[in-house]
C-alpha cells in the first residue's frame, strides 16, 4: 500500500493528528497508526504519550508560535507608515526595515527581525521603493571636480613593466 504524501498544510496536519489520536484511543498499535497516517513512529509515540496524560488531548490545537500582530494592529501599522517617519518620531522621512521594526516594537511591543518586517509589509500591501530624484543637497560641481582631480590621484596604477620582481622564483 502506497503512503499518502502530506504537505505542510496546518489544517491537514491537525486533522491527521486528531485521526491518529482517535485511532490510538481505540487501541490501534502505534506502528499501525504511523504506517496508515504516514508519520514517524516517534510522532505516533508522542501522540500516545499525550493521550496517556490527558484523554482529551486530541481536541487541543497544535503548538506553534502565535502571530505577533493581529489584523487591527497591521492596519494601524499601515496608517503609521502612511503618516510618515517624521510623524513617528524619526529624523527623516526615510522608512527602512530597521525603523519599521523599531516602530512595531515601540507601538505594539512585538520584536521582529528585518526579514519578518519585510514579510509583514508585503502582507499589508507595501513594497520597496527607490527615490525618483536626486538628493537636494547634491553638488554637481564638487562631484565633477572630485572625479577629475581627486579620484585620479587616489586611483592605484599598475607597476612599471621594467621594475625588478620581488618574486623568489623569477631570475633577475
Cα-based Rg/(2.2 N^0.38 Å) for region 71-123, rounded to two decimals, is 1.01
P(r) of region 10-59 in 5 Å steps, Cα pairs, percent per bin?
-> 5, 25, 38, 25, 8, 0
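Throughout, read-outs are computed from the coordinates displayed, never taken from laboratory work. Because the structure is a prediction, the values reported are computed rather than measured.
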